[in-house]
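Working notes, beginning with the structure itself.
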Amino acid sequence: MRIRPMRPEDVGAAERLTALACGSDRPDDRRRHWSDRARHLLTTDPGGCWVADDDGGAVVAGVAIALRRDLLWVLSTYAVHPDHQGRGIGTALLDAAVGYGAGCLRGMLTSRPDPQALRRYRGAGFTLHPTMRLTGVVDRSALPAVDGVRPGTTADLDLVDSVDRRVRGATHRPDHPFVMAHSTLLVCDLLTGSGYAFLAPRGVTRLAATNRAVAQRLLWSALARTTPGSPVNVRNLTSDQEWAIDVGLVAGLRLDQDAYLALRHMRPPAPYVPSLAFG
Ligand SMILES: CC(C)(COP(=O)(O)OP(=O)(O)OC[C@H]1O[C@@H](n2cnc3c(N)ncnc32)[C@H](O)[C@@H]1OP(=O)(O)O)[C@@H](O)C(=O)NCCC(=O)NCCS
């Protein structure tokens with residue numbers, strides 16, 4: 001096996017092997033979304049996208065996709081095909097992806113509770129923070145009246161950047177077009193603080209605010225805007241995000257164990273709901 005830079009023609013094989021490795025049967029729209037995101041990151045971070053192949057290029061056995069945003073390194077995707085695991089491919093791919101972060105001060109990734117992956121991340125110097133998730137159907141009778149939150153537009157992306165810089169030390173600037181195309185932006189900009197949330201059909205995919213009161217307003221507004229009767233989720237919550245857990249429990253959502261937030265040279269940002277793919 002050789003480790004080489006990923007190319008656009010690898011995206012289909014990478015999508016399939018990540019679904020197999022993660023044991024998830026993605027429906028068509030999720031497959032398309034995964035592939036569009038991989039193509040987006042191939043454009044923004046070609047140096048962070050790596051695959052393992054059989055040298056002839058016929059078999060793509062593994063993939064690692066990393067991104068750099070300001071001085072923050074983020075691992076977005078990491079998997080080896082189940083038929084090829086346990087032979088050192090994952091270690092070599094992670095080395096390549098971590099190498100792309102040379103010069104970055106901090107690192108972040110969200111990990112499934114996969115023992116091999118956790119072993120690799122701890123070996124690479126990451127601190128593993130267990131996370132919780134909120135899932136279920138919002139109890140609409142629990143929704144309070146919330147003001148000060150409005151739908152955002154591209155004119156609000158400077159606010160998003162400044163909140164991101166303050167809360168997690170790095171923006172998501174190159175990802176704005178992709179994220180805006182796939183989710184709804186909510187913004188809160190008050191004298192006492194500001195923040196934003198991204199809402200997709202399956203739930204809140206990212207939220208950041210300069211204080212907990214603003215974060216709670218945003219989360220309540222996001223939950224109020226979900227489709228009545230449809231299941232939603234809010235994931236990747238370390239114990240630093242009790243402001244979110246308290247809202248979710250009042251909203252009738254179920255709290256249980258999720259996975260891990262792995263961080264290097266930083267504490268969990270708060271109040272913050274990290275994105276699965278963009279940190
Ligand atoms: C996590 C994952 C990518 C690791 O890939 P992998 O190829 O199995 O990892 P490796 O083979 O490098 O490491 C597994 C072990 O095999 C060992 N190994 C076996 N043969 C080896 C060889 N020829 N050379 C080097 N190491 C070898 C490694 O040393 C390692 O053992 P260690 O933990 O004691 O160091 C893979 O298990 C996976 O895809 N998991 C499911 C998907 C997932 O959960 N991804 C992460 C989600 S965020």
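The values are calculated or read from the model by the stated rules, or taken from the named source; none is laboratory data. These numbers come from a predicted model, not from an experiment. Here the Cβ positions follow ideal geometry from the backbone for every residue, glycine too, while neighbour counts run over all protein chains shown. Surface areas here come from the heavy atoms of the whole protein model, side chains and all, with no ligands, DNA or RNA. Shrake-Rupley method; radii C 1.70, N 1.55, O 1.52, S 1.80 Å.
Annotations
- Scope the range 15-33; condition open to solvent by 20 Å² or more (accessible area, probe 1.4 Å) and part of a helix (DSSP H, G or I); matching residues: R16, L20, A21, D28, D29, R30, R31, R32, H33
- Candidates R225, R202 - the one that is closer than 23 Å to D139 by Cα, at pLDDT 95 or above and open to solvent by 70 Å² or more (accessible area, probe 1.4 Å): R225
- Boolean, G169 is of a type in the set (G, A, S), farther than 24 Å from R39 by Cα and in contact (Cβ under 8 Å) with a residue 40 or more places away in the chain: yes
- Restricted to the range 120-160, and to residues there that are acidic (D, E) and under 26 Å from E242 (Cβ atoms), the residue that is farthest from the ligand (Cβ to nearest atom) is D147.
- Screening the range 98-119 for residues that are in a helix (DSSP H, G or I) and free of Cβ contacts under 8 Å to residues at least 12 places away in the same chain and picking the one that is farthest from the ligand (Cβ to nearest atom) gives G99.
- Search result, residues across the range 76-97 that are in contact (Cβ under 8 Å) with a residue 60 or more places away in the chain and aliphatic (A, V, I, L, M): A79, V80, I89, A92, L93, A96
- Which listed residue, of A277, A209, A270, is more than 16 Å from the ligand (Cβ to nearest atom), within 30 Å of D45 (Cα to Cα) and buried (at least 22 other Cβ atoms within 10 Å of the Cβ): A209
- One residue stands out in the range 75-91 among those that are in a helix (DSSP H, G or I) and near the ligand (Cβ under 6 Å from one of its atoms): the one that is farthest from the chain's Cα centre (by Cα), namely I89.
- Hey, G169 away from the ligand (no atom under 16 Å from the Cβ) and small (G, A, S) or not: yes
- Candidates D189, D158 - the one that is touching a Leu at 6+ places or on another chain (Cβ under 7 Å) and open to solvent by 40 Å² or more (accessible area, probe 1.4 Å): D189
- G57 falls short on exactly one of the conditions (1) in the same structural domain as S24 (by TED's automatic domain parsing); (2) open to solvent by less than 50 Å² (accessible area, probe 1.4 Å); (3) away from the ligand (no atom under 11 Å from the Cβ); (4) in contact with a strand residue (DSSP E or B) (Cβ under 8 Å, 6 or more places away or on another chain), and that condition is (4).
- Test: A64 is within 27 Å of A102 (Cα to Cα), within 14 Å of the ligand (Cβ to nearest atom) and under 16 Å from the mean Cα position of the chain (by Cα): yes
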